[in-house]
C-alpha cells in the first residue's frame, strides 16, 4: 500500500507544506492526468490519463522554453500548488506512474484531489497573514491543520474524501475574510460619483475598460476579466479568487494588497515592471518585454 495514514505519518508543523510546484520532484502528472483542450491554449485536445506528446521520458517538457512563442497559454497558466510532488513523494513514496502502470489511474485521480486541497491551503495560508482577518485566526488555524492532515491520507482514503464538502467549509471562511478585508479597504473612502460599481460573482467584464472604475475593495470573485484593461488600476483589497485574467492588461496596476491572487492568474495576464505584486508571487518572465 502506498502512502501513510493519519496515525502513522509524522505530520509536519502547520504551514510546512510546500505550496509551490517543484517539477523536479514530480513525474509530469499535470501533463498526463488532466484533460487538455486546444481551444484553452494547450498543445492539442488530449484525454485525461494520456501523456502530452511533448512530455519526455525524463518527465520534462521538450517545448517548455518556447511555450509563449507557441501560444500555449494553458500550459503557462497552470499551477498545481505543489500537489504534484506531494502525490509522487508522499502519497506514493517516490513511485511514479511509469514504474507502476496499474496504479496510474488511481494516481491521476489522487492528483486531482490533491490539487484542490493544496489550492485551499494556499488561500488559507494567505488569510492568516491578513490583519482584518485576525478575529478568525483560531478557526483558520484549525482549518489549515485539518486540510494539511487530509493531504497525508493514503491514496485510498483520499479517493473516499468528500472534497466538495470540505471546500464548502473553507469557502465559508474565505467569504468571511473577503468581507472583512474589502470593508477595511473601503473604510473612510470618499467614493467619486460614478466611479464605484458593484460586481457580483462571475461578472462578465471581458474586454472591459476598467481604468476609471474604483476597484479598491471590489468583489471580483470568479469575474471574467479576459482581455480587460486594468492599466494603472488600484486593486487594493479586491477579491480575485477564481477571476479569469487571461490577457488582462495589468501594466502599472497595483495588486500588492489584492487577496486570493495566484501565480497561475498572473502567468496568464499581461503586465510590466511597474505592476505591483504581493510578496508571495513572482513577476512572470514574459512581462519583462512589455
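Here are some notes:
- Relative exposure of 212, 73, 190, judged by other C-beta atoms within 10 Å (fewest first): 190, 212, 73
- Ranking of 229, 247 by neighbouring Cβ atoms within 10 Å, starting from the fewest: 247, 229.
- Going from the fewest other Cβ atoms within 10 Å to the most, the residues 166, 118 appear in the order 166, 118.
- Peptides 233-240, 96-103 ordered by average Cβ neighbours within 10 Å, highest first: 233-240, 96-103
- Computed over the stretch 192-290, the P(r) tail beyond 17 angstrom holds 43 percent of alpha carbon pairs.
- Relative contact order, percent, the chain [alpha-carbon distance under 8 Å, six or more residues apart]: 14 percent
- Here the extension length gained between residue 139 and residue 89 equals 15.1 nm, from 0.36 nm per residue of separation less the Cα-Cα distance.
- Rounded Å value of the spacing that divides the Cα centres of the stretch 107-126 and the stretch 235-264: 21 Å
- GNM top mover of 28, 138, 252 - the chain, alpha-carbon springs below 10 Å: 138
- Peptides 219-227, 198-206 ranked from most to least packed, by the mean per-residue count of other Cβ atoms within 10 Å: 219-227, 198-206.
- Segment residue 190..residue 272, full-extension length gain: 26.6 nm, with 0.36 nm per residue of separation and the alpha-carbon distance subtracted.
- Taking packing as the residue-averaged number of other Cβ atoms within 10 angstrom, the listed peptides 32-39, 110-117, 148-155, 49-56 run from highest to lowest as 110-117, 148-155, 32-39, 49-56.
- Point-to-point label distance, residue 159-residue 35, nm (Cα→Cβ direction, 7 Å offset): 2.0 nm
A short reminder: the numbers here are calculations on the coordinates, not readings from a lab. This one's a predicted model, so the numbers in the text were calculated from it and none came from an experiment. Neighbour counts run over all protein chains shown; Cβ positions are idealised from the backbone, glycine included.
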